[in-house]
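Here's the structure, in structure tokens; my notes come after.
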Amino acid sequence: MHIKDDNQISYLFHRRFKAQRLILVSFISAGMLLGGVPFAHQGYAAAVSAGTGISQDQNDALAYLNSIRAKLGLQALKYNGNMSKAAQLHAVYYNMNHEKASQSAHSESKGLPGFKGSTIVDRLKASGWSPGPNGYMTGEVMHYEQTTIKGAMEEWLDTAYHREIILSHKYTEVGIGFVNGTAVLDMAGPYDPTPIKSGIAVYPYDGMKNVGVGFYGNENPNPLSQFNIKSSGFIISATTEKEMVWHQAKITDQSGTEIPFFEELHNKDTLFLYPKYVLKGNRTYQISLSYEMKGSPGKKKKMWSFTTGESPKEDVERDTSSTIK
């Protein structure tokens, strides 16, 4: 057997006005072996560790995320105290070292204060997390300059690649850290992903109200750079249980007018639709998606709609000079 290790690392730096708000997305890794040696058969951890409680802020954030996941037909994430310890300590490390650390914010450098492990897997295992015997998936997202973890959740959902992680069916448990404005979510799941109720998870979900109207490229890599644009309508996403080998999508507004869009199939199972223009406020939009999954017979079709909220002035007169790295 060989080591299977799929990594995706991207960063989002979001500065608004005088305050810097930095969102760092997603580090995903998958593994069957570590150093060519199978993991010990310890079972897959899913419960809160003894003596490790959950704060009201953590509970509110997890309840909010799980409420969204339920609307998409996704399994709820279970709170894991050991993983939360790892997330909390990584938030401490970042706050102490982010100005001098040479590696990405998802990595830690040995010798710096607060070091607990170079990678997310190292840190999770150091905090008592046990991977299953048949491989694992892990993911991490981070957000800075936040006042609550729920606030970080809301902004992750407004992006592309952050959303893909926290709404993934590949994870079953989560650790939540929050220290002086730095939020860290660590997620893990068995190598065989859990099912999606209808085989496909979409966001905005069907019937969702007060959806945002635009996306302004606040991710690095910036998903809009491939289209040479600075802004788009609110990102629409659809994730299938298996690889999406064929698809055809259409977006229309409440009058039946077709909305032009760019598209991106990411990681073979998540389709992002980027409307070419910022959407109108207080409008209902309908999406029609025909698709085919690898290993599944026949084509399937999914139709759903959502309604935008008010168009904030900042969405009409958005400062596009914000530093995004």
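Nothing in this text is a laboratory measurement; each read-out follows from the coordinates by a stated rule. Everything quoted here is computed from the prediction, not taken from an experiment.
Counting every Cα pair in the stretch 174-217, what percent are over 17 Å apart?
Details: 628 of 946 pairs.
When all Cα pairs of the stretch 174-217 are counted, 66 percent exceed 17 Å.
Normalising the Debye intensity of the stretch 49-172 to I(0), with uniform scatterers on Cα atoms only, and taking log10 at q = 0.10, 0.15, 0.21 Å⁻¹ returns -0.33, -0.77, -1.47. Listed by chain and number, the lysines whose alpha-carbon sits under 26 Å from that of K209, ignoring those within fewer than 8 places in the same chain, are K71, K150, K197, K230, K250, K276, K280, K300, K301, K302, K313.
Quick one: check the C-alpha center-to-center distance for the stretch 201-264 versus the stretch 164-200, whole angstrom. If we compute the Cα centre of each part, the gap is 21 Å. Shown in residue order for the stretch 144-157 are the 3J(HN,Hα) couplings computed by the Karplus curve 6.51 cos²θ - 1.76 cosθ + 1.60 at θ = phi - 60°: 10, 6, 10, 9, 9, 5, 4, x, 5, 4, 4, 6, 4, 5 Hz (x for Gly and Pro).
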